[in-house]
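K.L.:
Below are the structure tokens for one structure; questions will follow.
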Amino acid sequence: MNTTVKFACPMDCFDACGLLAEVADGRVVRLKGDSDHPLTRGRICSKGKKLLERLYHPKRLLSPIYKEAGQWKTLSWEAALDMLAQRLASAIRRHGRHAILYYADSGYGGLAKSVDHLFFSHLGGVSVPRGSLCWAAGMAAQRYDFGDVRGHAPHDLAKAGCILIWGRNPVATNPHLMPFIQKAREKGATLTVIDPLVTLTARQADVHLQPKPGTDGALALAMAHHLLATDRIDRAYIDQHTTGFDRFAATLPDVSPDRAAVITGLDADAIRQAAEHYADQPPAAIIIGMGLQRYVNGGNTVRCIDALAAMTGNIGRSGGGANYANRAITRWVDREAGCPPAAHRNDRTFPLPRMARFMRAAAAPPIDVAMIAKANPLVQMPDVRAFQAAFRQVPFKIVIDMFMTDTARAADLVLPCTSILEEEDLVFSSMFSPYLNYSRRVVPPPDGVLGEYELFRRLASRMQLDRYPDMPVRRFLASAIQPLTRQFGLTLDQLASAPFKIPDADIPWSDGNFATPSGHYEFYSQQAMDDGGHPLPVYLPPRSASPDFPLRLLTPHYPHSLHSQQFAFRSDRPVASIHPEEGFHHDLENNQLIRVISARGQIEAKLKLDNAIPRRAIKIDQGWWRESGAVNCLTADTLSDMGENAAYFETFCRIESTPNERRGHTP
Ligand code: SF4
């Protein structure tokens, strides 16, 4: 008889869906959404459905492998763990702990799989990255403004009178937000989308504004200018809950709608109307995406947008907010459970987008061992060629993955790990969903595959880390939710019966107590200044194109893949989209093969002439592997203005036609 088991989607996604697996004769035969899940209600996307394909894919790694004289050889787990322990111990003996580099990202969101952090903290500290490839500029911005990053509960967004989606495409990347937007619209709310691209979400909007890429900060300040000029601000809220408004207001005469029209390419009246729209239909919710902070001005752009919400009193108000991410659950899960006190750790850190530079330059000590998990940096890291060269020089490299990714191929030792369907774990998102999910083990892992929790436990024993918490995974998970147990009496058994949502966290900052040094919303942030930035939100121009490289490269998420994961079994060329007039200008036709060239490298791509793309830009979805043509062969390791985030969208390219018979990218 078939059985049905509940689990959760572990992908680095806004939604953290509840899923059901149908099992027959010990094998998963079907996946579908869990209609009982209070947020995701049975709907899942194509990425979630592919979890089953990955589970039984013939290319899945089923034993540790080791590269010897250029050839891969299988070895037992005992031998693999001995080799790993000896290599780590030898690096420490010869150079010290900082000769070990450890990088794990968000390829899998489960808590028990993030136990690597526990292991390396017991080791006493190694070389680890800071910053992010993804969202850190916006996170830093909201920490300056609010003191923390919190979002409204999805059902509260349905109470908005006006919704402004700024640089996010939830139809493709955050689908469970859309029913709440729909509910708000049924009650009369208007939807404005601000995005340089004509996205699936923009097509559904009442108003779509298309500023030039990287100019969103100027648009936000011009809207603020108009709100102030027409007295559409909430003076009582400003006086009671914010600091620094007068200093901020004093900068606004510099960014009038007329001036912003020149910068953004928008009509000045459209900017004024957008501001009036936003202020005149309270409560107004802004939903901020991550693409707009992938520029050198990305953090300030988010600060400029936040300011609109604060000056109109749309903070701490039902149906409002400046919603970028949502750490409602994160604050209540103890990721440090079982770790030694931070004071006992001594990490050497470096900016993640510049890992290649760090690996090349590290001298005291040099990097002797690099270990990578839940990530595929040979596809995802900016300036991937530089990363590849620096990675190659590291004497011993370990990758933990389910498949032979581009990064695994470049390693010396590859350790095969489990799927979410083979693990008991806790899954949650820090971006949107306010629910903590328990994910059951659906089937046991195949012989030869070990989950990270067990892997690091055995490694800790081999390395004689006596204080490493040697406990079953269930006890580890129970200790991680201790803050919730203490405050709300939540147990793991209760969590297994239904996802948990923090009570009373639906409207962030409704008590007026902000987590900033002043306890207020900070238009003026001394902390930002102390960190070397501007204390006030400012518009900083993005980088400019040059005659050699006239097209700005935009690399958003492909709707059917979470970063590079679902490109695993493809070898076709990426699609490069440009505006039809740009194609006409270059004498290019739809579907022809082209070369896309930047100062960093080049790839081949299939051309798409598309009215959805602005002039002077080229769009290639990120995630294609190197066999196809990884777009990060083109990007530079530029940093954002705050948060040490990868400013991917500050890359410029040119395109050339390629004889159709030529194949293979030539980085
Ligand atoms: S990728 Fe996101 S939307 Fe898709 S199934 Fe997973 S959590 Fe749900």
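Each reported figure results from applying straightforward, stated rules to the coordinates on display, with no laboratory input. None of the values given here were measured: they were computed from a predicted structure. Methodologically, a virtual Cβ is constructed for each residue, glycine included, from the backbone with ideal geometry; neighbour enumeration extends over all protein chains shown.
K.L.:
Can you give the FRET efficiency to the nearest 0.05 for Glu22 and Glu68, using r as the Cβ-Cβ distance and R₀ = 35 Å?
P.N.:
Values: r = 42 Å, r/R0 = 1.20.
Once rounded, the FRET efficiency stands at 0.25.
K.L.:
Oh, and also: Given only helices, namely DSSP H runs of n ≥ 4 each adding -39500 (n - 2.57), what is the per-residue ellipticity at 222 nm of the chain, to the nearest 500 deg cm²/dmol? Don't jump to the answer; show the numbers that get you there.
P.N.:
Numbers: 23 runs with 196 residues, N = 667.
Mean residue ellipticity, 222 nm, calculated: -8000 deg cm²/dmol.
K.L.:
Something else now. Given axes a ≥ b ≥ c from the Cα gyration tensor, I'd like to know whether region 233-315 is rounded (a/c under 1.5), prolate (a/b larger than b/c) or oblate. Can you show the working numbers first?
P.N.:
Values: a/c = 1.40, a/b = 1.28, b/c = 1.09.
Taking the square roots of the gyration eigenvalues as a ≥ b ≥ c, region 233-315 is rounded.
K.L.:
Once the Cβ-Cβ distance between Asp548 and Ala270 is put in as r, and R0 is 41 Å, what FRET efficiency do you end up with, to the nearest 0.05?
P.N.:
Values: r = 33 Å, r/R0 = 0.81.
Efficiency at R0 = 41 Å is approximately 0.80.
K.L.:
Shifting gears a bit: Taking the Cα atoms only, what angle lies between the long axis of helix 136-146 and the longest principal axis of the chain, rounded to 10 degrees?
P.N.:
Rounded to the nearest ten degrees, it is 60.
K.L.:
Relative to the longest principal Cα axis of the chain, at what angle does helix 216-229 sit, 0 to 90 degrees, rounded to 10?
P.N.:
Here the helix axis deviates by roughly 40 degrees.
K.L.:
Taking the Cα centroid of region 580-638 and of region 1-72, what is the distance between the two, rounded to the nearest whole Å?
P.N.:
If you average the Cα positions of each part, the centres end up 32 Å apart.
K.L.:
Checking the a/c ratio against 1.5 first, then a/b against b/c, what shape does the Cα gyration tensor give for region 3-55?
P.N.:
On the way: a/c = 2.37, a/b = 1.39, b/c = 1.70.
Oblate, since a/c reaches 1.5 and b/c is not below a/b.
K.L.:
Give the cross-link partners of Lys501 among the lysines, using a straight C-alpha distance below 28 Å as the criterion and excluding same-chain residues fewer than 8 apart.
P.N.:
Lys6, Lys32, Lys47, Lys49, Lys50, Lys113, Lys159, Lys183, Lys187, Lys374
K.L.:
Along each of the three principal axes of the Cα atoms of the chain, give the extent in whole Å, ordering the values from largest to smallest.
P.N.:
Principal extents (Cα only, largest first): 72, 66, 57 Å.
K.L.:
When the chain is fully extended, how far beyond the present Cα-Cα distance does Gln527 get from Val29, taking 0.36 nm per residue of separation? Write down the numbers at each step before the final one.
P.N.:
Numbers: separation 498, 0.36 × 498 = 179.28 nm, distance 5.33 nm.
Fully extending the segment from Gln527 to Val29 adds 173.9 nm.
K.L.:
How far apart, in nanometres, would the label points at Ala498 and Ser318 be if each is projected 7 angstrom from Cα along the Cα-to-Cβ direction?
P.N.:
In this crude spin-label approximation the distance works out to 2.1 nm.
K.L.:
Highest mean first, what order results for 457-469, 21-33, 141-153 on Cβ atoms within 10 Å? Intermediate values should be presented prior to the final figure.
P.N.:
On the way: 457-469: 16.5, 21-33: 14.6, 141-153: 24.5.
Highest-to-lowest ranking by the protection proxy: 141-153, 457-469, 21-33.
K.L.:
Decide, for region 551-657, between rounded, prolate and oblate: order the square roots of the alpha carbon gyration tensor eigenvalues as a ≥ b ≥ c, take rounded if a/c falls under 1.5, and otherwise choose prolate if a/b is larger than b/c, else oblate. Write down the numbers at each step before the final one.
P.N.:
Numbers: a/c = 1.69, a/b = 1.20, b/c = 1.41.
Here region 551-657 falls in the oblate category.
K.L.:
Can you tell me the order of 578-584, 501-507 when each peptide is scored by its average per-residue count of other Cβ atoms within 10 angstrom, highest first? Let's see the in-between values first.
P.N.:
Numbers: 578-584: 17.6, 501-507: 15.3.
Top to bottom by mean Cβ count within 10 Å: 578-584, 501-507.
K.L.:
Counting only DSSP beta bridges with both residues in region 551-657, tell me the antiparallel percent, nearest 5.
P.N.:
65 percent
K.L.:
Between region 251-328 and region 395-412, how many Å separate their Cα centres?
P.N.:
Region 251-328 and region 395-412 have Cα centres separated by 42 Å.
K.L.:
For the peptides 385-396, 171-182, 111-122, 318-329, what is the packing order when you average, over each peptide's residues, the other Cβ atoms within 10 Å and list the highest mean first? Provide the component values of the computation, followed by the final result.
P.N.:
Numbers: 385-396: 17.8, 171-182: 19.8, 111-122: 21.8, 318-329: 24.0.
The packing order, highest mean first, is 318-329, 111-122, 171-182, 385-396.
K.L.:
Indicate, rounded to the nearest 5 percent, the antiparallel portion of the DSSP beta bridges found entirely in the chain.
P.N.:
On the way: 38 of 83 bridges.
The antiparallel fraction comes to roughly 45 percent.
K.L.:
Further question: Compute the separation of the alpha-carbon centres of region 154-222 and region 357-387 and state it in Å as a whole number.
P.N.:
37 Å
K.L.:
Expressed as an acute angle from 0 to 90° and rounded to the nearest 10, what is the orientation of the C-alpha long axis of helix 452-462 relative to the principal long axis of the chain?
P.N.:
Result, in degrees: 50.
K.L.:
Which whole-number percentage describes the relative contact order of the chain, with Cα contacts under 8 Å and a sequence gap of 6 or more?
P.N.:
Contact order relative to length: 21 percent.
K.L.:
How much FRET efficiency would the formula 1/(1 + (r/R0)^6) give for Glu589 and Ser46, where r is the Cβ-Cβ distance and R0 is 41 Å, rounded to 0.05? Before the final figure, lay out the partial values.
P.N.:
On the way: r = 30 Å, r/R0 = 0.72.
Calculated value: 0.90.
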